[in-house]
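This report concerns only the one structure given below.
The values are calculated or read from the model by the stated rules, or taken from the named source; none is laboratory data. It should be emphasised that the depicted structure is a prediction, and the values quoted were computed from it without experimental measurement. Cβ sites come from the backbone with ideal geometry, for glycine too, and all protein chains shown count toward neighbours. These accessible areas exclude ligands, DNA and RNA; they are computed on the full protein's heavy atoms, side chains included. Shrake-Rupley method; radii C 1.70, N 1.55, O 1.52, S 1.80 Å.
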Amino acid sequence: MESRTEPVEREPDITVREPGATAVRKPDTSARPPLVRELLLVAGLFLVYKFGRQLANGHTGEAFRNAHRVWDAERTLRLPGEGAVQHALLSGDTLIHLANTYYATVHFPATLLFLVWLYLRRPRHYVWTRRVLAALTAAALVLHLGFPLAPPRMLDTAHLVDTARVYGPSVYAAEPATDTMANQFAAMPSLHFGWALMLAVGMIVATSTRWRWLWLLHPLVTLLVIVGTANHYWLDAIVATALLGVALAVLRLPRPAGSLVVRRSGDTRPAPEPRATPAADAALPLAPGLITSGAGQ
């Protein structure tokens with residue numbers, strides 16, 4: 001069975017007629033928004049999010065109280081302990097170093113490359129994905145501000161190792177209060193996992209190759225990394241999944257427009273007439289002169 005690489009829902013086609021040449025069908029890229037506008041929009045959303053997260057800094061006492069509540073809730077729900085994943089990662093220095101590197105370096109570049117590919121190859125899917133990611137990130141920001149949460153690596157009750165600080169590399173300052181680059185009390189929901197899951201969903205929807213389901217490995221590996229490095233609780237990923245589900249239910253992928261016919265200047269040939277179907281032919285009335293009686297034959 002041949003593996004296909006076309007999208008599940010193809011971009012609408014346009015028929016381009018060059019003067020003196022045959023018609024050529026090309027994907028319609030009219031759904032692609034202007035590049036400069038998109039760059040400004042994405043950069044603006046990112047800056048608003050980064051500055052918004054900083055507003056949650058300084059709520060140390062509340063963040064640790066919420067951390068105890070989340071830890072107790074997970075035990076009540078009988079979720080597996082985060083320590084089991086970390087114990088597996090700590091079986092070798094190389095493995096835990098790879099996990100820390102994945103956490104520190106894959107999150108933003110993978111999402112950026114994903115958006116760039118969609119923008120160039122699947123503009124309709126790009127617009128949909130950008131809206132979903134914006135909605136997910138906005139909802140996460142509200143939770144970060146209203147529910148500051150210390151990660152499990154800071155919680156003495158969890159007895160977990162801060163793997164990034166011990167084994168490196170780390171993207172966080174040694175003391176949360178002095179961290180000017182990130183808000184370490186913005187653990188719930190996990191945007192590491194939410195964005196990774198949306199990347200997988202977007203690639204599965206935008207392509208139809210039988211290997212597209214392997215994109216689910218990205219959020220799976222991300223989940224094991226964020227839990228094993230003690231940067232997030234299981235509930236952080238569960239809440240991110242719920243928020244993404246709501247965003248996907250509200251923001252649907254727009255349907256493609258119909259095919260178009262575009263003529264280049266100098267082409268005077270008429271556009272092709274739509275081909276009639278057998279059902280349409282049967283519905284057409286016959287001319288009176290063409291009706292013959294079978295009695296005299």
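Numbers below:
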read-out: Subset of region 33-77 that is of a type in the set (S, T, Y) and either under 11 Å from A150 (Cα atoms) or modelled with pLDDT of 80 or more (or both) - its residue that is surrounded by the fewest Cβ atoms within 10 Å (Cβ to Cβ); value: T76
read-out: Unmet criterion (only one of (1) modelled with pLDDT under 85; (2) open to solvent by 50 Å² or more (accessible area, probe 1.4 Å); (3) within 29 Å of L160 (Cα to Cα)) for S30; value: (3)
read-out: Helices (runs of 4 or more DSSP H) contained in region 116-216 and holding at least 2 residues closer than 26 Å to L251 by Cα; value: 123-146, 191-206
read-out: A110, sole failed condition from (1) among the small types (G, A, S); (2) open to solvent by 60 Å² or more (accessible area, probe 1.4 Å); (3) under 26 Å from G202 (Cβ atoms); value: (2)
read-out: Conditions (1) under 28 Å from the mean Cα position of the chain (by Cα); (2) open to solvent by less than 60 Å² (accessible area, probe 1.4 Å); (3) over 26 Å from V36 (Cα atoms); number of the one not met by P80; value: (2)
read-out: Any hit, region 251-271, residues being modelled with pLDDT of 95 or more and open to solvent by less than 50 Å² (accessible area, probe 1.4 Å); value: no
read-out: Of all residues making up region 131-160, the number that are at pLDDT 90 or above and touching a Leu at 6+ places or on another chain (Cβ under 7 Å); value: 10
read-out: V127 being open to solvent by less than 50 Å² (accessible area, probe 1.4 Å) and in contact (Cβ under 8 Å) with a residue 12 or more places away in the chain; value: yes
read-out: Failed criterion for R255 (all others in (1) more than 30 Å from R153 (Cα to Cα); (2) assigned to a helix (DSSP H, G or I); (3) of a type outside the set (S, T, N, Q) hold); value: (2)
read-out: Scan of region 92-107 for residues that are over 12 Å from the mean Cα position of the chain (by Cα), at pLDDT 90 or above and not β-branched (V, I, T), ordered by number; value: L95, H97, L98, A99, N100, Y102, Y103, A104
read-out: Neighbours by Cβ (under 6 Å, 6+ apart or cross-chain): first from region 106-123, within 17 Å of L41 (Cβ to Cβ); second among the polar types (S, T, N, Q); value: L118/T129; P123/T29
